[in-house]
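Chemist: Pasting a structure below so you can have a look.
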Amino acid sequence: MSRRSEALAARVEEGAACLEKFARELSEFEWQMPISPTDGRSVGVVIHHVASVYPIEIQLAQAIASGKAVQDVTWDVVANMNAGHAREHGGVTKADTLQLLHRNSADAARVVRTFTDDDLDRAAPFGLSFDAPVTAQFVIEDHALRHSWHHLARIKKALAR
């Protein structure tokens, strides 16, 4: 295992652990609160969303690491996926969500640890970066790693914490 992949995996785990710790302290009222007036998803649905997309984010990084362009995943595709997720998981429970968050983030970190430095450095066109050729490390950092931090900050803002 490379030191870089270990450091990335540890940061994925750290972000998930921070989100999990914060989520455990939420009341049922807070769990059900909308994240914002423009994003009608509840706090709980957003946390479930983060938990559920780790496998997809890692698959995208693996594709880039293999040198394969990933141009069919765009922000419009993500918006549609997020809307579908919100419809399907509107009543998600905290217990189920925390279990999914723990399992999927651990699995993601385990896979990140398998990346070599060459894998991390390989670049290919990526739709979420407007087809710019980005590295697998960038995809890991900008998605699997950053995602929990991004939504934790949004949730704290929504709850005025």
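Coordinate-derived values only; no laboratory data. Note that this is a predicted model, so its numbers are computed, not measured. Because the Cβ atoms are built from the backbone with ideal geometry, glycine has one as well, and the counts that use them run over all protein chains shown.
Chemist: Assess whether residue 53 counts as being exposed (fewer than 14 other Cβ atoms within 10 Å of the Cβ), within 17 Å of the chain's Cα centre (by Cα), within 16 Å of residue 127 (Cβ to Cβ) and not polar (S, T, N, Q).
Modeler: For residue 53, the condition - exposed (fewer than 14 other Cβ atoms within 10 Å of the Cβ), within 17 Å of the chain's Cα centre (by Cα), within 16 Å of residue 127 (Cβ to Cβ) and not polar (S, T, N, Q) - is not met.
Chemist: Right, next: Just for the stretch 127-161: of the residues that are part of a helix (DSSP H, G or I) and of a type in the set (S, T, N, Q), which one is nearest to the chain's Cα centre (by Cα)?
Modeler: So, considering only residues that are part of a helix (DSSP H, G or I) and of a type in the set (S, T, N, Q), the one nearest to the chain's Cα centre (by Cα) is 148.
Chemist: Working only within the stretch 1-23, note down all residues that are more than 12 Å from residue 112 (Cβ to Cβ) and out of contact with any helix residue (DSSP H, G or I) (no Cβ under 7 Å at 6 or more places or on another chain).
Modeler: 3, 14, 17, 21
Chemist: Okay, moving on. Please identify the pairs in which a residue from the stretch 24-40 that is free of Cβ contacts under 8 Å to residues at least 40 places away in the same chain has its Cβ atom under 6 Å from the Cβ atom of a residue that is surrounded by 10 or more Cβ atoms within 10 Å (Cβ to Cβ), counting only partners at least 6 apart or on another chain.
Modeler: If the second residue must be surrounded by 10 or more Cβ atoms within 10 Å (Cβ to Cβ), the pairs left are 32/42.
Chemist: So, one more: Please work out which one of (1) in contact (Cβ under 8 Å) with a residue 40 or more places away in the chain; (2) more than 15 Å from the chain's Cα centre (by Cα); (3) exposed (fewer than 15 other Cβ atoms within 10 Å of the Cβ) is the condition residue 75 fails and give its number.
Modeler: It is condition (2) that residue 75 fails.
Chemist: Next up: Cβ-Cβ distance below 8 Å, separation of 6 or more or different chains: which pairs start in the stretch 105-120 with a residue that is loosely packed, with under 15 Cβ neighbours inside 10 Å and end on one that is not in a helix (DSSP H, G or I)?
Modeler: 114/1; 116/2; 117/2
Chemist: Here are some residues: 61, 144, 95. Which one is surrounded by fewer than 14 Cβ atoms within 10 Å (Cβ to Cβ) and either hydrophobic (A, V, I, L, M, F, W, C) or farther than 16 Å from residue 19 by Cβ (or both)? Write out each step before concluding.
Modeler: Values: 61 fails: surrounded by fewer than 14 Cβ atoms within 10 Å (Cβ to Cβ); 144 fails: surrounded by fewer than 14 Cβ atoms within 10 Å (Cβ to Cβ).
Exactly one of 61, 144, 95 is surrounded by fewer than 14 Cβ atoms within 10 Å (Cβ to Cβ) and either hydrophobic (A, V, I, L, M, F, W, C) or farther than 16 Å from residue 19 by Cβ (or both), namely 95.
Chemist: Could you tell me whether the stretch 111-126 includes any residue that is in contact with a strand residue (DSSP E or B) (Cβ under 9 Å, 6 or more places away or on another chain) and among the hydroxyl-bearing types (Ser, Thr, Tyr)?
Modeler: No, the conditions are met nowhere in the stretch 111-126.
Chemist: Now a separate question. Select, from 124, 106, the only residue that is assigned to a strand (DSSP E or B), over 20 Å from residue 32 (Cβ atoms) and not aromatic (Phe, Trp, Tyr).
Modeler: Among 124, 106, only 124 is assigned to a strand (DSSP E or B), over 20 Å from residue 32 (Cβ atoms) and not aromatic (Phe, Trp, Tyr).
Chemist: For the stretch 117-134, which positions are under 15 Å from residue 7 (Cβ atoms) and not acidic (Asp, Glu)?
Modeler: Of everything in the stretch 117-134, just one residue is under 15 Å from residue 7 (Cβ atoms) and not acidic (Asp, Glu), namely 120.
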